[in-house]
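S.K.: Mind looking over this structure? Questions follow.
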Amino acid sequence: MDFLIEVGRYMANNSSTFVSLTIEHIIMVVQAIAYALIAGVPLGILAAKYKKLAPVILSLVNILQLIPSIAMLAILLIYFGMGTSTVVIGLFFYSLLPIVRNTYVGIKEVDPGITEAGKGIGMTPLQLLAKVQFPLSIPFLMAGLRVAAVIAVAVATIAPYIGGGGLGREIVSGINLQNEIRLVAGAIPAAVLAIIADFLLGKVENKTKRRFAN
Amino acid sequence: MIQLKKVSKIYDDGFQALKEIDLTFEEGQLNVLIGPSGCGKTTTMKLLNRLIDYTDGELTINDKLISEINPIDLRRQMGYVIQSIGLFPHMTIYDNVAAVPKLLKWDKKKIDKKVDELLNMVDLDPQVYKKRYPNELSGGQQQRIGVIRALAAEPDIILMDEPFSALDPISREQLQDELVKLQQEINKTIVFVTHDMDEAIKIADQIILMRDGEVVQKGSPHELLTNPANAFVEDFIGSERLEQAKGLPPMTAFIDQNYTYGTHDQSVEAVMKLMLDHKQDQLPIVDENNLYLGVVSLYDAIGQQDKTLNDLIVKVDAYQRDDETKQFVGSRETIAPVIEKDGTFIGVLDQDQVLDVLYQKFDSKSGVKS
Ligand SMILES: Nc1ncnc2c1ncn2[C@@H]1O[C@H](COP(=O)(O)OP(=O)(O)O)[C@@H](O)[C@H]1O
Ligand SMILES: [Mg+2]
């Protein structure tokens, strides 16, 4: 208990540092997820629309996910050097799988009767995608987004090893200086951030589900 | 007019779903495809909007080969109600109904007006329902939306695949009535799939009965009911409906074999004796060529022995052999002579027998209903 009080005192004394670290952390995650959406949604759609592409795309993003995070960052370090952008690229790769896979599944799961209705009333394949299939896959996409965000918040804590910032700074310093108070003071807000992301995106997901449920 | 000539469909897996189908769907007619599950109804329908392409034969719409019509344009000019309703769950009722007009880029005012008109037509208040989502409607209401979505762009041809199958009997009958009424107003070419014979008989101009990818019989409901092509058709229609369709047996079935008659050259006295012997109070009279002349009643004859028979004959109207028994039912005549077209006397209807048959019919019908 005393220990936690000390952690609290430490955080209070350095509150402005913690606020900026948290903001840094969030910015890295948001950037990575935004890129993952921009790349992942089209990939998921391609996989859903073209049977032959599906196994290629899905196994590729699967492999990315399977690389251990330290190894991934080491590889990226070699190609992109130290810096925040390297961190964002790494987080981007980790977020890709849930987004691609859920977009793919979401489109595949659309009731064939609804797809047929769209086709039958004269929608072009593109209209069908834009007006029916993609909107109906959004609840799945939101679930993927949630998973991606939680993973990214966690993985982002190792950013300082490759020149990034965020709450990992305190954790890494804590490890280096063998200072448990700093380590935990960095870990707690990171965990809370993950929980908040999970909770908020879970709410959004449920909302879309309710709207589209039939 | 839509014409199918020797149209066949073999699916990718080699299964032949349609075997040289010949069909004509005339303009303004309500055509019903009916048959057991898997006989090829949906396949036939999907050929018409090119959701499926046929593998052999010829399919034309207004004499134009369907393969030469752009499928997107074709579908926008055809209403399509699919078996599973298929409303877009993420769109409001307004957006669902307006789907095709929007694809056709109608202006907003025109779309608004059309949507209101259609919702009113199926008794759904636009103000209440326009902004709702499909899952906020009952099954019957959803099916109505499915139907009016197909009507929104005022297509000339409407395809309906078992549109009322998911409904409770009351809603179904109501929508059938609405469809028949609607068809009288808008007069479109409708192709309607069902497996419910009552529904087909009720709404169809032409019924097409299919089995295993072939057309077994096509014709008006009356033709199928009165002239089923074979045992399969009879089976499918069901003996009860066939029986009902036949109506009452012909007049001649009710001729009373024991009822006696006289000839015009007999004396009044002889005729009276005949009536008394047979316990009849009336006697039909024929001439020497067996032509019907009229009826003499016992009441008129009493005390008139000095007159000739001809003076006593009352010209009671006779029924003809081909008249429907129905005509007799409800008349109050005490005696009902039946004659051939040329006037030859056949006999007299037995009222008790007619009543018996009527009673049985009424009984079986009310038995079905309850
Ligand atoms: N895509 C398909 N591939 C192979 N066979 C099919 C396909 N679609 C339908 N069939 C078969 O064709 C037959 C007719 O199907 P359908 O037209 O849907 O029948 P229904 O009269 O019940 O509407 C059925 O035996 C069905 O199994
Ligand atoms: Mg079917």
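The values are calculated or read from the model by the stated rules, or taken from the named source; none is laboratory data. Note that the coordinates shown come from a computational prediction; the quantities given were computed from them, not determined experimentally. We place every Cβ from the backbone using ideal geometry, glycine too, and count neighbours over all the protein chains shown.
S.K.: From the set of residues in region B:15-70 that are within 14 Å of B:Glu162 (Cβ to Cβ) and basic (Lys, Arg), which is surrounded by the fewest Cβ atoms within 10 Å (Cβ to Cβ)?
M.R.: B:Lys46
S.K.: May I ask you to say which residue of B:Thr252, B:Thr189, B:Thr226 is hydroxyl-bearing (Ser, Thr, Tyr), under 18 Å from the mean Cα position of the chain (by Cα) and surrounded by fewer than 15 Cβ atoms within 10 Å (Cβ to Cβ)?
M.R.: Exactly one residue qualifies, and that residue is B:Thr226.
S.K.: For region B:22-32, indicate whether the set of residues that are within 16 Å of ligand 2 (Cβ to nearest atom) and in a loop (DSSP other than H, G, I, E, B) is non-empty.
M.R.: No, there is no match, as no residue in region B:22-32 is within 16 Å of ligand 2 (Cβ to nearest atom) and in a loop (DSSP other than H, G, I, E, B).
S.K.: I would also like to ask the following. Out of the helices (runs of 4 or more DSSP H) lying entirely within region B:111-230, which hold 2 or more residues that are small (Gly, Ala, Ser) and modelled with pLDDT of 90 or more?
M.R.: Working: elements: B:126-129, B:139-151, B:169-186, B:197-203, B:221-226.
Those helices (runs of 4 or more DSSP H) span B:139-151.
S.K.: Report yes if A:Lys108 is more than 10 Å from chain B (Cβ to nearest Cβ), surrounded by fewer than 21 Cβ atoms within 10 Å (Cβ to Cβ) and either at pLDDT 95 or above or within 30 Å of A:Ala32 (Cβ to Cβ) (or both), otherwise no.
M.R.: Against the criterion (more than 10 Å from chain B (Cβ to nearest Cβ), surrounded by fewer than 21 Cβ atoms within 10 Å (Cβ to Cβ) and either at pLDDT 95 or above or within 30 Å of A:Ala32 (Cβ to Cβ) (or both)), A:Lys108 qualifies.
S.K.: Of the residues A:Gly44, A:Gly40, A:Gly8, only one is more than 16 Å from the chain's Cα centre (by Cα) and part of a helix (DSSP H, G or I); which?
M.R.: Criteria check complete, one pass: A:Gly8.
S.K.: Would a scan of region B:27-43 turn up a residue that is farther than 17 Å from A:Leu128 by Cα and within 14 Å of another protein chain (Cβ to nearest Cβ)?
M.R.: Yes, there is a match, as at least one residue in region B:27-43 is farther than 17 Å from A:Leu128 by Cα and within 14 Å of another protein chain (Cβ to nearest Cβ).
S.K.: Looking only at residues in region B:154-169 that are more than 14 Å from chain A (Cβ to nearest Cβ) and under 19 Å from the mean Cα position of the chain (by Cα), which one is nearest to ligand 1 (Cβ to nearest atom)?
M.R.: Once the filter is applied, the top-ranked residue is B:Phe164.
S.K.: Looking at region B:9-46 only, could you name the residues that are near ligand 1 (Cβ under 8 Å from one of its atoms) and on the phi > 0 side of the Ramachandran plot?
M.R.: Scanning region B:9-46 gives B:Gly35, B:Gly38, B:Gly40.
S.K.: Turning to a different aspect of this structure: How many residues are out of contact with any strand residue (DSSP E or B) (no Cβ under 9 Å at 6 or more places or on another chain) and either within 16 Å of ligand 1 (Cβ to nearest atom) or not assigned by TED's automatic domain parsing to the domain that holds B:Ile190 (or both) when one looks only at region B:207-235?
M.R.: Matching residues across region B:207-235 total 1.
S.K.: Restricting to region B:52-87, what's the tally of residues that are more than 16 Å from ligand 2 (Cβ to nearest atom) and within 21 Å of A:Ala117 (Cβ to Cβ)?
M.R.: Qualifying residue count for the region: 14.
S.K.: Can you find a residue that is away from ligand 1 (no atom under 15 Å from the Cβ), under 20 Å from B:Glu154 (Cβ atoms) and within 14 Å of chain A (Cβ to nearest Cβ) anywhere in region B:57-69?
M.R.: yes
S.K.: So, one more: Return only the number of the condition from (1) away from every other protein chain (no Cβ under 14 Å); (2) of a type outside the set (Ser, Thr, Tyr); (3) within 16 Å of ligand 1 (Cβ to nearest atom); (4) under 30 Å from B:Leu118 (Cβ atoms) that B:Gln83 does not satisfy.
M.R.: (1)
S.K.: What number goes with the only condition from (1) more than 10 Å from chain A (Cβ to nearest Cβ); (2) at negative phi; (3) within 16 Å of ligand 2 (Cβ to nearest atom) that B:Asn49 does not pass?
M.R.: (1)
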